[in-house]
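Enquirer: Below is one structure. I have some questions about it.
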Amino acid sequence: MTQPADAELAIETRELTKRFGSQTAVNSVDLAVPLGSVFGFLGPNGSGKTTSIRMMLGLIAPTSGSVRILGRESPADLAGILPRVGALVEGPAFAPFLTGSQNLARLDSADPLASTRTRSARVAAALDRVGLAHAAGKKVHAYSLGMKQRLGLANTFLMPRELLVLDEPTNGLDPQGTREVRNLVRSLADEGTTVFVSSHLLAEIEQMCTHAAVMSAGRLVAQGTLDELRSVGIARVELTTPDVGAACAVLATLGLLPEAYVADAAHLVTAPLTGDRRPAAHEMVAALVAAGVRVDSFVIQESSLEDRFVALTGEGFEIVQ
Amino acid sequence: MSRSSSLGRWVPAIAIPALIVTGALVVPLQASASSDLPDQTPRQLLEFAASANVPALSGTIDQTSNLGLPDLSALGSVAGGAGGSGSSGSGGTGLSSVIDLATGSHTARVFLDGGNARVQVMDHLAERDVIRTADSAWFYSSGDQTAVHVALPAHDGTGDTARTAPDGTWTPQVLAEKFLSEADVSTSVTVGEDTTVAGRSAYTLVLTPKDTATLIASVTIAIDSETGLPLSVAVDAGADSPALEVAFSQLTIGAPDAALFDFTPPAGTTVTEQALPTKAEIQAKKDGSQKDGSQKDGATRNGAEASGKSAASAAEQPTVIGTGWATIVSVPASAVPAEMLTSPLLDTLTQPVDGGRVFSTAVANVLLTTDGRVFAGSVPVDALLAAAAGR
Amino acid sequence: MSAAPPRRLGLALLGTEICVLFQRKRTWAMLLALAAVPVLIAIAVRISSSPRPGRGPAFLDQVSQNGLFVAVTGLVVAIPLFLPLTVGVVAGDTIAGEASNGMLRYLLIAPAGRVRLLWVKYVAAAVFCVAATLTVVIAGLLIGLILFPVGDVTLLSGDTITVAEAIPRFLAIAAYVTVSLLGLSAIGLFFSTLTDVPVGAMAATIVLAVVSQILGALPQLDWLHPWLFSTYWLGFTDILRQPVSWESFGDNALLQGGYILVFGALAYGRFLTKDILS
């Protein structure tokens, strides 16, 4: 096995495309997930996240394009990839007539690299790690959705993994469970595991991830570190003042395009701060004060990821086709 | 890239069925492919076959009849009265046995060792056995769990009887001998292409009637190149497939397990003791068969033997009209077994014609006149009607 | 870790697969139903007057004389419908059942490997064929021992063999019937790769088994009969001839092998190219 040059990427897709009939579910996606990152895969429902994940894991064949996982070609070298990858895809699924530990033992026996001798110990450890030790002997049909979700996570911990692919891992979990998942992901990341988390919830990604990518209508519309994503957004200056006209005039002299709003008792003036028209805050404050503008508050509002997300994927519930 | 690799994965799915179908079509062709044997004249081949002496063998014989009869297997079990769940499991004797053999196909195993013989007709979920030893003969039918025992005089065990299947199953020997004996001026005898039967290379002898009055187009006999034993007999009546074919599908030369000939009826079997005809009756029968034995219909003779009835000892003897292939056998009304005329099958099997009813097959026709006489032969119905009206 | 994974036949997976099969209540319910066939036959014969020879299923008249024939009669009755029914359920469930509850994606990610999973699933279905056949035979032998006298066995040829000689023949019959069901299992496996609805695959498999037998009963289709997978289903009685006729056993094995190859190849082609969307 020769180490490929771009070994620093855990997942790399090139023009990955999947068409079902006339419908294009994933459209020419170039994803780059760095090793060691906690990578958030954002997008509304139906944006092609799960289809992309299924292609990465070899469950469905791409219509065109290529996938490299941990430096190996997928699906050509799946046997070399999958034992190093733990995955939770589109919710947990288990044989309801088997117990939790029987289900895990079954999946473990499907891994040709997993040792039969250590199986029961590893199953017990994985169950313990997700807090299901007490329910190990219960049949899965008696599990709650949250318990099944934990069992699905336990499945990914059966063997040491280099990459975890978690599709909506907090679905069905209560707030406490959600926090546990976050802590698990952090501890895994601390151990050096690359974690690829998909979610339609921005807050979840913001709390866990170092990197993110945004999908919309089958296309990858943005990716990078969280800071990079935020920086692409537009920061604004916001100030409240009774002297609206003067304030607008001062900001205009600094090259900004101010707008004035009158809301309640406060008079708000805002102006976007774009790359070439971005005077330092102290410059603006000094100019305002020099012009005798009474400033009640002054804020530089950095763009939020949410603004960015909404800008990229659209508002509301409608699913972009 | 994915398109081509997914197509590649379908390759075995297409290749394996294609290979199997090809194999299934090609292998039988190769199996029957002619083997290259030294050329023989018909006379040499006839002598070779006549000199054949295989006292001991085990083999499986497949018999297929394609006589143009309706499927009568269901009726056959009605007539037999005791067919098992299997359609051809009828253990009945007489007419139903003949019908059973004349329709469809059968497989039988044959074991021969000197004077001992055993024939097993392998029915569906059942079996009919004939075991012949020097001093006795057993007929056993598993379908209705009956057995018939005939004690034989000790001196009667000759090879000739052993080679006659008493159950009415036509072994290659029986049929071949019948036709070889008729190879006279009425028949042109030629040597056909060499063939392979039951994995053994064989010569073929083709008998073509010179007389166009007969229904039979030709008779092909495969003769084992090693022993001269007839391996298959096919009667061709002009259709695509032979009207009647009897062939070994498997054959081992050599003595079978002697225990096979040691038969004791199992517990729970209904055993019938059948008396043998007296010596005077045998003598009378022998005289009769010396006169017209060679032309007598093999099926009728064997059928009568299978039923264990001494039907032929009646005073009235059948008469023969014509010679060679177009021979017509005429049986007077008094000699016709009553079973034949009262059988409920009669109306189903026969078609009405002027002056009686006709039982018609691809190789032979039988006319039952309204006055109870029977005319039979390998000739068209018109010839039988002419014979019936002719005097 | 970078070395290629060792090639294994998936024996560990096969082991758990067989365990899973026999941990299902459904499997046991089907085996119980199969065991009921000879038991009901035996009880019916016991409480009624002994049947006339030639009436009812083959060998029924032998039962009251020799309890061992309950097993044979049970097979004759179970082969046309009950055995294909249970085998159809198991074989039709192989892949579609996993797809329907979503386990298929996790087994493949595990990674079971598609070829290995197909192979393991087929072998597990074949193991069920063995279990199903043995259930009928053993239940028949046991109930026969309890309700009827047991003694020397009368073969179809009229010869008689001892019980000790008969046991290997009964095992050979079980082997014959098991082999007979392997072709149907391969068909079920193929159907199972076509759908995510297990009931559909099961029904298709069972319907095909019935259709094959109906075609086999039509004399007009003589030319087709040697190609039907059900052709030799009742040929196991050749084991009860003296000497044993192995010819149909060999023909049957060849035919079933052909079905396994053809439908195995089709299942392979289908399953390896299938997008797992369940």
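Enquirer: Only one of C:163, C:210, C:153 is in contact (Cβ under 8 Å) with a residue 60 or more places away in the chain and open to solvent by less than 40 Å² (accessible area, probe 1.4 Å). Can you tell me which? Write out each step before concluding.
Expert: Values: C:163 fails: open to solvent by less than 40 Å² (accessible area, probe 1.4 Å); C:210 fails: open to solvent by less than 40 Å² (accessible area, probe 1.4 Å).
Of the residues listed, the single one that is in contact (Cβ under 8 Å) with a residue 60 or more places away in the chain and open to solvent by less than 40 Å² (accessible area, probe 1.4 Å) is C:153.
Listed here are the residues, each with its yes/no results for (1) modelled with pLDDT under 90; (2) of a type in the set (D, E, K, R).
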{"residue": "C:3", "(1), (2)": "yes, no"}
{"residue": "C:18", "(1), (2)": "no, no"}
{"residue": "C:23", "(1), (2)": "no, no"}
{"residue": "C:46", "(1), (2)": "yes, yes"}
{"residue": "C:61", "(1), (2)": "yes, yes"}
{"residue": "C:80", "(1), (2)": "no, no"}
{"residue": "C:83", "(1), (2)": "no, no"}
{"residue": "C:109", "(1), (2)": "no, no"}
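Enquirer: Here's something else I'd like to know. So, of the residues in region C:213-225 that are part of a helix (DSSP H, G or I) and free of Cβ contacts under 8 Å to residues at least 12 places away in the same chain, which turns out to be surrounded by the most Cβ atoms within 10 Å (Cβ to Cβ)? Working first, answer last.
Expert: Taking region C:213-225 as the starting set, the residues that turn out to be part of a helix (DSSP H, G or I) are C:213-217, C:219-221, C:225.
Still in the list and also free of Cβ contacts under 8 Å to residues at least 12 places away in the same chain: C:214, C:217, C:219-221, C:225.
On the way: C:214: 11, C:217: 11, C:219: 13, C:220: 8, C:221: 13, C:225: 15.
Filtering first and then ranking leaves C:225.
Enquirer: For residue A:139, work out the one condition from (1) open to solvent by less than 30 Å² (accessible area, probe 1.4 Å); (2) in contact with a strand residue (DSSP E or B) (Cβ under 7 Å, 6 or more places away or on another chain) it doesn't fulfil.
Expert: All conditions are met except number (1).
Enquirer: List the strands (runs of 3 or more DSSP E) inside region A:174-287, counting only whole elements, that have at least 1 residues being modelled with pLDDT of 85 or more.
Expert: A:194-199, A:211-216, A:219-225, A:235-240
Enquirer: Of everything in region C:125-136, what is open to solvent by 10 Å² or more (accessible area, probe 1.4 Å) and aliphatic (A, V, I, L, M)? Give them in sequence order.
Expert: Listed by number, the residues that qualify are C:126, C:127, C:130, C:131, C:134.
Enquirer: Could you grab me the full set of residues in region A:76-95 that are more than 7 Å from chain C (Cβ to nearest Cβ), surrounded by fewer than 22 Cβ atoms within 10 Å (Cβ to Cβ) and over 14 Å from residue A:196 (Cα atoms)? Don't jump to the end; show me each part of the working.
Expert: Of region A:76-95, the ones more than 7 Å from chain C (Cβ to nearest Cβ) are A:76-77, A:81, A:85-86, A:88, A:90-92.
Still in the list and also surrounded by fewer than 22 Cβ atoms within 10 Å (Cβ to Cβ): A:76-77, A:90-91.
Correct list: A:76, A:77, A:91.
Enquirer: Next up: With respect to residue A:100, is the statement that it is open to solvent by 10 Å² or more (accessible area, probe 1.4 Å) and under 30 Å from the mean Cα position of the chain (by Cα) true? I'd like the intermediate steps shown before the answer.
Expert: Working: open to solvent by 10 Å² or more (accessible area, probe 1.4 Å): no; under 30 Å from the mean Cα position of the chain (by Cα): yes.
It is false that residue A:100 is open to solvent by 10 Å² or more (accessible area, probe 1.4 Å) and under 30 Å from the mean Cα position of the chain (by Cα).
Enquirer: Considering only region A:49-74, state which residues are among the aliphatic types (A, V, I, L, M) and within 9 Å of another protein chain (Cβ to nearest Cβ).
Expert: A:57, A:59, A:60, A:61
Enquirer: Moving to a separate point now. Hey, any hits in region A:106-126 for a residue that's hydrophobic (A, V, I, L, M, F, W, C), more than 9 Å from every other protein chain (Cβ to nearest Cβ), surrounded by 21 or more Cβ atoms within 10 Å (Cβ to Cβ) and not in a helix (DSSP H, G or I)?
Expert: Going through region A:106-126, the residues hydrophobic (A, V, I, L, M, F, W, C) turn out to be A:107, A:110, A:113-114, A:121, A:123-126.
From what's left, more than 9 Å from every other protein chain (Cβ to nearest Cβ): A:121, A:123-126.
Among the residues that remain, those that are also surrounded by 21 or more Cβ atoms within 10 Å (Cβ to Cβ) are: A:123, A:126.
Now narrow it down to the ones that are not in a helix (DSSP H, G or I): none.
No, region A:106-126 contains no residue that is hydrophobic (A, V, I, L, M, F, W, C), more than 9 Å from every other protein chain (Cβ to nearest Cβ), surrounded by 21 or more Cβ atoms within 10 Å (Cβ to Cβ) and not in a helix (DSSP H, G or I).
Enquirer: Which of the residues belonging to region A:210-225 are surrounded by fewer than 21 Cβ atoms within 10 Å (Cβ to Cβ) and out of contact with any strand residue (DSSP E or B) (no Cβ under 6 Å at 6 or more places or on another chain)?
Expert: Restricting attention to region A:210-225, the residues satisfying the condition of being surrounded by fewer than 21 Cβ atoms within 10 Å (Cβ to Cβ) are A:210, A:216-217, A:219, A:221-222, A:224-225.
Passing the criteria: A:216, A:217, A:224.
Enquirer: I need a count of the residues in region A:181-205 that are touching a Gly at 6+ places or on another chain (Cβ under 8 Å) and open to solvent by 60 Å² or more (accessible area, probe 1.4 Å).
Expert: 1
Enquirer: Could you go through region C:267-274 and let me know if any residue there is within 22 Å of residue C:122 (Cα to Cα), at the interface with chain B (Cβ under 10 Å from one of its Cβ atoms) and open to solvent by 40 Å² or more (accessible area, probe 1.4 Å).
Expert: For region C:267-274, residues within 22 Å of residue C:122 (Cα to Cα), at the interface with chain B (Cβ under 10 Å from one of its Cβ atoms) and open to solvent by 40 Å² or more (accessible area, probe 1.4 Å): present.
Enquirer: Please give the number of the condition residue C:207 fails out of (1) facing another protein chain (nearest Cβ under 10 Å); (2) modelled with pLDDT of 90 or more; (3) assigned to a helix (DSSP H, G or I); (4) out of contact with any helix residue (DSSP H, G or I) (no Cβ under 7 Å at 6 or more places or on another chain).
Expert: Only one criterion is unmet by residue C:207, namely (1).
Enquirer: Which helices (runs of 4 or more DSSP H) does region C:36-136 wholly contain that include 3 or more residues that are over 16 Å from residue C:193 (Cα atoms) and away from chain A (no Cβ under 14 Å)?
Expert: So the answer is C:60-63, C:69-78, C:82-101.
The values are calculated or read from the model by the stated rules, or taken from the named source; none is laboratory data. The model shown is predicted, which means the values in this text are computed figures rather than measured ones. Ideal geometry is used to build each Cβ from the backbone, glycine not excepted, and the neighbour counts take in all protein chains shown. Areas reflect the complete protein model, heavy atoms only, side chains present, ligands, DNA and RNA absent. Shrake-Rupley method; radii C 1.70, N 1.55, O 1.52, S 1.80 Å.
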